[in-house]
Amino acid sequence: MNVPQFLIFDFDSTVIKGESLEILAEISMSGHPKKEEISSEIKRITEAAMNGTVDFASALKKRLSLLDLNEEHILKAIEELKNSITPSFIQNRSFLKANADRIYVVSGGFKELILPVVRILGLREDHVYANEFLFNLARKIVGVDESNLLAQSRGKAKLVKSLKFKGEGIVIGDGATDLEIIEDNANCQFYAFTENVRRAELVKKASREIKTLDILATEYASSSKKEMKEDIKVLLFENVHPVAVNAFRQKGFLVEAVSSACEESELVKKIADVHFLGIRSKTQVNENVLSHAKNLLCVGAFCIGTDQIQLEAAESKGVVVFNAPFSSTRSVVELAAGLIIVLARQIFPKSTALHQGIWDKSTTSACEVRGKTLGIVGYGNIGAQLSILAESMGMRVLYYDLVEKVSLGNTKACRDLKTLLNSSDIVTVHVDGRAENKSIFGENEFQEMKDGSIFLNLSRGHIVDLKALAKYLKLGKLNGAALDVYPQEPRSNSEPFALELQNMPNVILTPHIGGSTLEAQKNIGETVVNRFLEFYEAGSSLGSVNFPQLSIPPLRSGLTRIFHIHENVPGILAAINGFFGAKNVNIEAQYLSTDNKIGYVVTDVSSFKTEFLSELKKVPHTIKVRMNSDSK
Ligand SMILES: NC(=O)c1ccc[n+]([C@@H]2O[C@H](COP(=O)([O-])OP(=O)(O)OC[C@H]3O[C@@H](n4cnc5c(N)ncnc54)[C@H](O)[C@@H]3O)[C@@H](O)[C@H]2O)c1
């Protein structure tokens with residue numbers, strides 16, 4: 001667990017066992033003829049507010065309007081609240097006291113009721129943010145201070161934002177208003193506290209469930225020590241999946257997760273002391289950005305493509321780059337399979353007409369896919385997996401690839417593209433994005449396709465000449481098409497998009513969503529984090545897109561692992577090993593891989609002293625050196 005810079009506690013049903021306003025209501029209605037009726041109505045409104053079905057501000061007003069409150073009721077309620085403190089809060093008073101400087105109580109309840117309890121727990125009164133009653137001269141309660149942010153809807157979220165907390169924090173509570181805090185404050189995580197009440201829906205949305213305060217107090221103590229040992233900083237942009245954010249935090253790393261992409265001018269400021277940078281397709285990592293990174297070990301592309309990263313510049317700086325090339329394979333395959341059926345049945349024109357009130361049941365050239373020939377261009381991960389699904393739907397599958405491939409099932413390789421185009425009823429393209437693939441589908445290729453055939457491209461935008469595609473669709477040579485990728489794609493949802501194929505019948509256009517499924521995003525998150533951790537902990541660079549590949553066995557106990565990245569020049573390995581020899585450090589195992597530019601050598605040694613590291617850095621042509629984090 002990461003040590004948070006601040007902890008925010010909810011009060012009602014978290015610090016105390018119940019809801020303070022309900023306790024106050026009970027006391028004020030003692031002997032009231034409609035007590036039961038009003039009490040249950042207050043409970044109902046409280047529950048609705050906690051579940052998020054009624055907004056907090058109107059829930060507060062409604063509840064107060066049902067009551068006739070005065071100061072005496074408050075004094076009685078305080079006595080009751082003092083006896084209603086949640087057991088694990090009482091038991092962990094020393095933890096609360098010791099961390100009082102970073103603990104805040106943020107509540108939609110009332111300061112008049114909260115402060116006496118907070119004093120008992122040793123928390124700071126000036127760290128309590130809550131509503132305040134308005135009294136008249138007779139000390140009757142006539143309302144609440146409505147200028148207080150906490151009397152408003154999403155009040156807790158607004159209040160926390162206004163406090164401008166620095167660093168990472170945790171919000172611990174039981175209600176929807178606590179969850180709202182993290183929606184508006186990216187530096188907070190939400191822990192559902194369930195010692196008093198467990199709202200299943202809320203627990204599902206929480207980063208974790210805390211059944212008592214004991215767990216937090218114990219982890220806090222042990223991770224405080226861990227933080228002192230290492231201080232790895234992770235900076236994530238573009239809404240990287242929470243599975244990745246949580247995995248990094250569980251390792252005890254300091255994580256900053258931002259939902260948007262980052263412009264170069266901002267990134268150069270933020271990257272200085274970052275060890276792991278995580279991006280998706282929009283944040284550009286160029287030589288200038290890399291030159292500002294003093295500690296950077298790795299850039300993780302939480303996507304397939306790595307065009308947004310200057311890979312060679314990263315390599316020269318000893319920065320390894322990982323992506324997740326296979327995590328969305330199945331998602332693309334399923335979309336392609338679905339589109340093939342939808343195009344063959346001409347579902348889109350029929351559906352569009354019916355949306356406009358036109359019942360068109362006329363016979364069309366709609367057909368089954370069973371028995372038809374599917375031609376797959378590019379028989380890689382996606383193409384090959386699609387062939388299995390297509391065969392199981394009863395299709396005959398042909399494929400064409402530049403390199404020799406193992407044919408799965410009954411699929412047959414075509415010796416050239418022309419043969420595939422001449423023989424296929426449906427052609428689907430799944431080639432990679434190499435520059436030579438620009439416009440590999442143009443006039444000639446569409447002409448070679450069978451009359452009435454269907455074309456799909458879910459691979460890269462630049463491979464199709466869209467003018468030629470539009471021409472052959474208009475001529476009726478092609479019966480339909482589906483595109484998911486385009487030569488120029490908008491950078492954000494707010495940018496407009498125009499294409500010659502818009503509004504053509506039986507043409508399906510999707511906004512590059514082939515890999516955009518919940519499953520794919522989660523897989524991507526897990527894959528990139530795992531690759532980084534394998535690199536960081538063991539030194540494995542396997543699967544990187546810019547580094548010499550090394551797969552390394554676990555370190556034997558008692559040894560130290562040294563990771564050395566250097567310019568690939570003659571004599572460098574001898575210099576490194578000479579250094580070890582001169583220091584009386586014994587080499588127990590060594591793993592080396594090089595490419596044209598750099599060498600990456602991982603050495604397991606005994607009798608290594610930490611202070612040798614700075615001397616090893618001085619060996620000429622060294623780019624980067626580090627030792628494994630568990631080394632003493
Ligand atoms: N639409 C999306 O959201 C989405 C998601 C994931 C991947 N993709 C794209 O799908 C494509 C395929 O992905 P993959 O994981 O299967 O890639 P891959 O590298 O495993 O397979 C590509 C195959 O195409 C072959 N190839 C390259 N150029 C060729 C050519 N001119 N003619 C014939 N074969 C050629 C290669 O030899 C390789 O076998 C990639 O371009 C990838 O970027 C798109």
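The values are calculated or read from the model by the stated rules, or taken from the named source; none is laboratory data. Worth saying up front: this structure is predicted, and the values here are computed from it rather than measured. As a convention, Cβ positions derive from the backbone with ideal geometry for all residues, glycine included, and neighbour counts pool all protein chains shown. The accessibility values were calculated without ligands, DNA or RNA, using every heavy atom of the protein model including side chains. Shrake-Rupley method; radii C 1.70, N 1.55, O 1.52, S 1.80 Å.
Working only within region 125-147, note down all residues that are buried (at least 16 other Cβ atoms within 10 Å of the Cβ), outside any helix (DSSP H, G or I) and not hydrophobic (A, V, I, L, M, F, W, C).
Here is the first cut: in region 125-147, the residues buried (at least 16 other Cβ atoms within 10 Å of the Cβ) are 127-131, 133, 135, 141, 144.
Those still in the list that are outside any helix (DSSP H, G or I) too: 128-131, 133, 135, 141, 144.
Hits for region 125-147 are Tyr129, Asn131.
Which residues, taken from region 256-301, are open to solvent by 70 Å² or more (accessible area, probe 1.4 Å), out of contact with any helix residue (DSSP H, G or I) (no Cβ under 7 Å at 6 or more places or on another chain) and within 17 Å of Lys317 (Cα to Cα)?
Across region 256-301, the qualifying residue is only Lys294.
Would you be able to tell me the number of residues in region 394-448 that are among the polar types (S, T, N, Q) and over 21 Å from Ala482 (Cα atoms)?
Pass one, region 394-448, residues among the polar types (S, T, N, Q): 407, 410-411, 419, 422-424, 428, 437, 439, 444, 447.
Subset that is over 21 Å from Ala482 (Cα atoms): 407, 410-411, 419.
Qualifying residue count, region 394-448: 4.
Can you pull out the residues in region 485-510 that are within 20 Å of Pro349 (Cβ to Cβ), of a type outside the set (Asp, Glu) and not in a strand (DSSP E or B)?
Taking region 485-510 and keeping what is within 20 Å of Pro349 (Cβ to Cβ), we get 499-510.
Next, from what is left, pick out any that are of a type outside the set (Asp, Glu): 499, 501-510.
Within region 485-510, Leu499, Leu501, Gln502, Asn503, Met504, Pro505, Asn506, Thr510 meet the criteria.
Listed here are the residues, each with its yes/no results for (1) part of a helix (DSSP H, G or I); (2) farther than 23 Å from Gln346 by Cα; (3) of a type in the set (Lys, Arg).
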{"position": "Lys405", "(1), (2), (3)": "no, yes, yes"}
{"position": "Asn410", "(1), (2), (3)": "no, yes, no"}
{"position": "Lys418", "(1), (2), (3)": "yes, yes, yes"}
{"position": "Asn422", "(1), (2), (3)": "yes, no, no"}
{"position": "Val427", "(1), (2), (3)": "no, no, no"}
{"position": "Gly433", "(1), (2), (3)": "no, yes, no"}
{"position": "Lys450", "(1), (2), (3)": "no, no, yes"}
{"position": "Leu456", "(1), (2), (3)": "no, no, no"}
{"position": "Ser459", "(1), (2), (3)": "no, no, no"}
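Residues that are in a loop (DSSP other than H, G, I, E, B) and open to solvent by less than 20 Å² (accessible area, probe 1.4 Å): does region 435-442 have at least one? Talk me through it step by step, then tell me what you get.
Pass one, region 435-442, residues in a loop (DSSP other than H, G, I, E, B): 438-440, 442.
Keeping just the survivors that are open to solvent by less than 20 Å² (accessible area, probe 1.4 Å) gives 442.
Checking region 435-442: at least one residue is in a loop (DSSP other than H, G, I, E, B) and open to solvent by less than 20 Å² (accessible area, probe 1.4 Å).
Open to solvent by less than 20 Å² (accessible area, probe 1.4 Å), of a type in the set (A, V, I, L, M) and within 31 Å of the chain's Cα centre (by Cα) - does that describe any residue in region 32-49? It would help to see each step written out before you state the result.
Step one: of region 32-49, the residues open to solvent by less than 20 Å² (accessible area, probe 1.4 Å) are 39, 42, 45-46, 48-49.
Filter once more, so that each one left must be of a type in the set (A, V, I, L, M): 42, 45, 48-49.
Narrowing the set further to residues that are within 31 Å of the chain's Cα centre (by Cα) leaves 48-49.
The answer is yes; a qualifying residue exists.
Residue by residue, here is whether (1) more than 15 Å from the ligand (Cβ to nearest atom); (2) under 29 Å from Gly252 (Cα atoms); (3) modelled with pLDDT under 95 holds:
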| residue | (1), (2), (3) |
| --- | --- |
| Lys282 | no, yes, yes |
| Leu297 | yes, yes, no |
| Glu315 | yes, yes, no |
| Phe326 | no, yes, yes |
| Ala336 | no, no, no |
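Any residue at all in region 446-462 that's β-branched (Val, Ile, Thr), more than 17 Å from Leu509 (Cβ to Cβ), in contact (Cβ under 8 Å) with a residue 60 or more places away in the chain and more than 12 Å from the ligand (Cβ to nearest atom)?
Applying the first criterion (β-branched (Val, Ile, Thr)) to region 446-462 yields 454.
The next check asks that each one be more than 17 Å from Leu509 (Cβ to Cβ); those that pass are none.
The answer is no; no qualifying residue exists.
From the list Lys412, Lys372, Lys418, exactly one residue is open to solvent by 20 Å² or more (accessible area, probe 1.4 Å), within 13 Å of the ligand (Cβ to nearest atom) and farther than 19 Å from Gly514 by Cβ. Which is it? Explain how you work it out, then say what you get.
Details: Lys412 fails: within 13 Å of the ligand (Cβ to nearest atom); Lys372 fails: within 13 Å of the ligand (Cβ to nearest atom).
Selected residue: Lys418, the only one of Lys412, Lys372, Lys418 that is open to solvent by 20 Å² or more (accessible area, probe 1.4 Å), within 13 Å of the ligand (Cβ to nearest atom) and farther than 19 Å from Gly514 by Cβ.
If I ask for residues that are open to solvent by 10 Å² or more (accessible area, probe 1.4 Å) and more than 21 Å from Arg330 (Cα to Cα), which ones from region 516-546 would you list?
Residues satisfying the conditions are Leu533, Glu534, Tyr536, Glu537, Ala538, Ser540, Leu542, Ser544, Val545, Asn546.
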